Amino acid sequence: MRRVDWREIEIKPHHIVVAHTSKPDYEMARQILLKLDYDRYVVLEGYHCSCYDFDDTEWEAIEYTGDELRKLANSGYNKDSEFWQKVGIQI
């Protein structure tokens, strides 16, 4: 696992494996799983309050291996997360 600069990743539509947006509310979150290579994944996460939009979001990108993602998807603290449930199904 390592933090990466998402601006340096050439993101193409076929890289998107899972995308999840929280329900409309005062604060919203968006999480996106990208598969860049055979065993190279990036999770993009961004949050904003309702007075802004996702265009004004500071995004965080973390690169994982498939094994690291499986551990996170199966961990107890992520069991109620819709995003991590979807990740678990896809990987």
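Dipole of segment 2-90, Cα-centred, from +1 at each Lys and Arg C-beta and -1 at each Asp and Glu C-beta, to the nearest 20 debye?
440
Find how much the distance from Y38 to E68 grows on full extension, using 0.36 nm per residue of separation minus their present alpha carbon separation; answer in nm with one decimal.
Additional length available on full extension: 9.4 nm.
List the lysines whose Cα lies under 16 Å from the Cα of K12, skipping any in the same chain that are fewer than 8 positions away.
K35
Can you give the longest stretch of the chain with no exposed loop site, where a site means GluC sites (Glu not before Pro) in a DSSP loop (not H, G, I, E or B) with at most 16 other C-beta atoms within 10 Å?
11-57
Measuring from label point to label point, each 7 Å out along Cα→Cβ, what is the D5 to K79 span in nm?
Taking the two extended label points, one gets 4.0 nm.
Calculated from DSSP H runs of 4 or more alone, at -39500 (n - 2.57) each and per residue, what is the 222 nm mean residue ellipticity of the chain, nearest 500?
It comes out at -5500 deg cm²/dmol, rounded to the nearest 500.
Using +1 at the Cβ of each Lys and Arg and -1 at the Cβ of each Asp and Glu in the chain, identify which of M1, G76, P24 lies farthest towards the dipole's positive end.
Farthest towards the positive pole: G76.
Let me know the longest stretch in the chain that avoids all chymotrypsin sites (Phe, Trp or Tyr not before Pro) found in a DSSP loop with at most 13 other C-beta atoms within 10 Å.
53-91
How far, in nm, would the chain grow between K12 and E60 when pulled straight, counting 0.36 nm per residue and subtracting the alpha carbon separation?
15.5 nm
The numbers here are math on the coordinates, done by the rules we state, and not lab data. Predicted model, so just to flag it, every value in this text is computed and none were measured. Reconstructed Cβ throughout: ideal geometry from the backbone, glycine too, with neighbour counts over all protein chains shown.
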